[in-house]
Each structure stands twice: as structure tokens, then as C-alpha cells.
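K.L.:
The structure follows.
The values are calculated or read from the model by the stated rules, or taken from the named source; none is laboratory data. Computed from a predicted model, the values in this text were never measured in an experiment. Here Cβ is always computed from backbone atoms with ideal geometry, including for glycine, and neighbour counts include all displayed protein chains.
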There are 2 protein chains.
Amino acid sequence: MSRVVAERKDVIAMLAEIFREHGYDGASLSLITEKTGLGKGSLYHFFPGGKEEMAEAVLADIDAWFRTHVFDILRNAEDPDDALETMFSGVDSYFRQGRRLCLMGVIATSGAHDRFAREINGYFTDWRTDLAATLVRAGAPETEATALAEEVVGGIQGALILARSLGDPGAFGRVISRLKARCLNAPAA
Amino acid sequence: MSRVVAERKDVIAMLAEIFREHGYDGASLSLITEKTGLGKGSLYHFFPGGKEEMAEAVLADIDAWFRTHVFDILRNAEDPDDALETMFSGVDSYFRQGRRLCLMGVIATSGAHDRFAREINGYFTDWRTDLAATLVRAGAPETEATALAEEVVGGIQGALILARSLGDPGAFGRVISRLKARCLNAPAA
DNA sequence: AAAGCATTGTACCAATCGGTAAACAATTTA
DNA sequence: TAAATTGTTTACCGATTGGTACAATGCTTT
């Protein structure tokens, strides 16, 4: 047999795109076997828990990415403005300039929300918290920082939906650049 | 037989909540029959096209609501500031202070997106257009009005996702009030 | 080369999927 | 009151769902 060397990591990356495109309920096992090229045997070998474990693995992978590439940088960077720059450029490339949806948001707005509520909540909570702390270090008052962080984290999700809905990925970049400007310019308001 | 007098209008309202809660793929016919109390026969009597026609009817209903309660007011109000006030308070109550999702957004981020792309696109396009025009009438420069409208329409979607994800409906109101302030205060920037 | 584990294809399962058919009851129209 | 019309129930359809079982194959280690 072919032994196509599907590393678990690669499988997770493929699964992520499938869930993004079709949602949790829309990603049937037959669709998954087709798109990944792996039979059910292989899939259930990697993820004995089935579809739910696949989605969990994908969410954990995404969470880890944001943790190292965004949250940690927000917390540890010496210059808060640098951290903000890094965050926005990282987000822009992660979401492929508005062509890719956020799986956390996709699942949050689906019937599968309850099943993954913990992961979703942790992702948004931490992002908001770390961003707010960075804004404080950049000179914003505590209350303004919290509110602005909320606006930015939500705004990114909305910008993704807008871009997809309008069929205009550019909308994402336009909104993001405004959010970024608000973080960098007038934090002392 | 019972003839429970389910007006098509009432059925659509129930369907809307079901699609909102479970997404398009997650709303199975058995779930729909259970939640509406109508058997398949009745359902297919009202919507011969099945699930797709049900979703289309719901989207058309939502579109009509926003058209009369938001878009038309943005276009026709004498005082643009009043129109903006009306829009934000209408949106706040329509989305039940952040406890209700936007079905347009829900479907836009699901695998069913392609099937309803036209309706979704029309909804967001018109909202953005009418809001931008109102902002111009309120004194904002053309380019700023367009960008701000985009930010607001997207921001509302993001605020809904954030509220649901954090399990904190209040997040919706907090973001909305900031967006509103930006529309009313500094449009001439 | 033998053994043992990791991986894979295939066949199968009960349950559910969206949808159809048609007999039937309630209501409206004539 | 009789005939259409409208609404509802029920049983059924083939297809697909997520999941299991297992034999067969590849690779690695000895």
C-alpha cells in the first residue's frame, strides 16, 4: 500500500482548510477522505475520536499558532508599538489578506459552538486580554484599552465576514488598517 | 386533523431561529419538524423546494426587515444623525443586545455560502452603500464615509461573534456604542 | 529474514439524511 | 350539501451519515 507519509501535522493543516470552507457540519467524512486523500482507516488511526477529535486537533493547532505568533509577542515585546505592528501584519498574512476565514469564528457561529465553547472562549478571551495589556503599555488608559481591544478583536472577525460576503477580500485590509491606526495613534484618548 | 393554523409568516420566524442556532447544515429536517411542530408534509406544502426554499424565504424575510427598518430610513430621513440613531438602536434590539446572531453572517461563514451568495452580497452591499451616503450627508468626506461605513457594518458582525464567543452579550453593546459614537462625533475627520 | 508495529483499503453497520407519495381531514367555495 | 381547495399525517424511498472491524500492506528493528 502506498504509505503516502501523511504526517499528522500535514493532515491537520488540510483538515483546517476543509472545516474553514465547509463548516463543521458541512465537512462530511466522505468529503474529508476525498480532500485529504486518506481513507477512513487512516483518518481514524490518527483521530480515534472521529470528526470531533479532528476539529479539536485543528482548533488546538490554531490556538497554538496564535499563542506563539500573536499573544506571546503582545505580552513579551519590549516596544508595545512593535508588538502591535507584528500582530496586525501577522493577522493579515494568516488570513491571507481577507481570503481566509477564521475557524474559531466559523465554529462560533455554527451549531457546533457548544461542543467547542471552551476553546473558542479561551482564544478570544486571551487575545482581548493580551491586546488590552499591550495598549496600556502603549499609553492608553485601562478602560479605553479594554474597550479598544474588544473593538479590534471583534473588528477582525467582522472584517473577515464582510470580505467574504462582499466577495471583496480588499475590504479586510481596509478595515484592518483603520483598526491598526486607532491602536497606534490615539491611545491616550 | 389538527389544522394548527401555522401561517407561513410564523413558520418563517421559527425557521429563522433554527437556522441561526444550528446553521444551514446543522438544521436537519427532523430538527425542523421537531422545533416547529410541523410534519414534513406541512413543511413541503409551504416550501416545495425543501430546505433550500426555507432558507431562501428566511433570508428574504430578513432582507425585507432591514430594508424597511434600516436601509430606507438611512436613505430617507431628513436628519442624518437621527437616522444613525435609529439604525443603531434598531440593530441593538434586532440582535437582542448581542444574544442573537446575524443569519446573513452565519450563512456567509458556512459551507452553504455559495448557494446564497447573491442574497448575502446584496444585504451587505446595500447596507454599506446606504450608511456611507448617510455619513456623507452628516458631513463626512466621501472617502472617509465609505471606509467608516465598511468598518461599522463589519464591526457589527464581529461584535456578534465576539459576544457569542465570550459568552458575554454585553460585549456587543459596548462595541456598538463605540461605533455609533464614531459615526456621530467625528465624521469630518 | 523474522517479528512487530504503524498505516491503509475495503466492506460493512445502524441511523439519519433530504425528499416523495398518497390517503385523509378540515376548510372554503359553489 | 357537494365539490374543490388547503393543510396534515404517515409510511416509505434511496443515498449518505459517522463509525467499526479487520485483513493486508509497508516499514523498522532485530
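One line per residue, one yes/no per condition, for (1) farther than 19 Å from B:V58 by Cβ; (2) more than 10 Å from chain A (Cβ to nearest Cβ); (3) in contact (Cβ under 8 Å) with a residue 24 or more places away in the chain; (4) surrounded by 17 or more Cβ atoms within 10 Å (Cβ to Cβ):
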position	(1), (2), (3), (4)
B:F88	yes, yes, yes, yes
B:D92	yes, yes, yes, yes
B:R99	no, yes, yes, no
B:M104	no, no, yes, yes
B:T109	no, no, no, yes
B:N121	no, no, no, yes
B:R128	yes, no, yes, yes
B:R137	yes, yes, yes, yes
B:A140	yes, yes, yes, yes
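K.L.:
Which residue out of B:I176, B:I161 is modelled with pLDDT of 95 or more, part of a helix (DSSP H, G or I) and within 7 Å of chain A (Cβ to nearest Cβ)?
P.N.:
On the way: B:I176 fails: within 7 Å of chain A (Cβ to nearest Cβ).
Going through B:I176, B:I161 in turn, just one is modelled with pLDDT of 95 or more, part of a helix (DSSP H, G or I) and within 7 Å of chain A (Cβ to nearest Cβ): B:I161.
K.L.:
Would you check if there is a residue in the range B:127-149 being touching a Lys or Arg at 6+ places or on another chain (Cβ under 7 Å), outside any helix (DSSP H, G or I) and not charged (D, E, K, R)?
P.N.:
No, the range B:127-149 contains no residue that is touching a Lys or Arg at 6+ places or on another chain (Cβ under 7 Å), outside any helix (DSSP H, G or I) and not charged (D, E, K, R).
K.L.:
What's the number of the condition A:G39 fails, among (1) within 16 Å of DNA strand C (Cβ to nearest atom); (2) among the small types (G, A, S); (3) within 14 Å of chain B (Cβ to nearest Cβ)?
P.N.:
So the condition that A:G39 fails would be (3).
K.L.:
For the range B:134-143, indicate whether the set of residues that are over 18 Å from the mean Cα position of the chain (by Cα) and closer than 27 Å to B:M54 by Cα is non-empty. Full working, then the answer.
P.N.:
Residues of the range B:134-143 over 18 Å from the mean Cα position of the chain (by Cα): B:134-143.
Retained after the next criterion (residues that are closer than 27 Å to B:M54 by Cα): none.
Within the range B:134-143, none of the residues are over 18 Å from the mean Cα position of the chain (by Cα) and closer than 27 Å to B:M54 by Cα.
K.L.:
Given the conditions (1) without any contact (Cβ under 8 Å) to a residue 12 or more places away in the chain; (2) more than 9 Å from chain A (Cβ to nearest Cβ); (3) surrounded by 23 or more Cβ atoms within 10 Å (Cβ to Cβ); (4) not hydroxyl-bearing (S, T, Y), report the number of the one that B:D79 does not fulfil.
P.N.:
That leaves (3) as the condition not met.
K.L.:
State all residues of the range B:31-49 that are loosely packed, with under 15 Cβ neighbours inside 10 Å and touching a helix residue (DSSP H, G or I) at 6+ places or on another chain (Cβ under 9 Å); if no residue qualifies, say none. Steps first, answer last, please.
P.N.:
Initial filter on the range B:31-49 (loosely packed, with under 15 Cβ neighbours inside 10 Å): B:31, B:34, B:37, B:39-41, B:45, B:48-49.
Within the range B:31-49, B:L31, B:G37, B:G39, B:K40, B:G49 qualify.
K.L.:
Being of a type in the set (V, I, T) and within 10 Å of chain B (Cβ to nearest Cβ) is the filter; apply it to the range A:142-152 and report the residue that is surrounded by the most Cβ atoms within 10 Å (Cβ to Cβ). Spell out the reasoning first.
P.N.:
Step one: of the range A:142-152, the residues of a type in the set (V, I, T) are A:143, A:146, A:152.
Still in the running and within 10 Å of chain B (Cβ to nearest Cβ): A:146, A:152.
Working: A:T146: 19, A:V152: 26.
Taking the candidates together, the pick is A:V152.
K.L.:
Further question on the same structure: Conditions first: (1) without any contact (Cβ under 8 Å) to a residue 40 or more places away in the chain; (2) within 14 Å of B:Q157 (Cβ to Cβ). B:D72 passes all but one, so which condition is the exception?
P.N.:
The number of the failed condition is (2).
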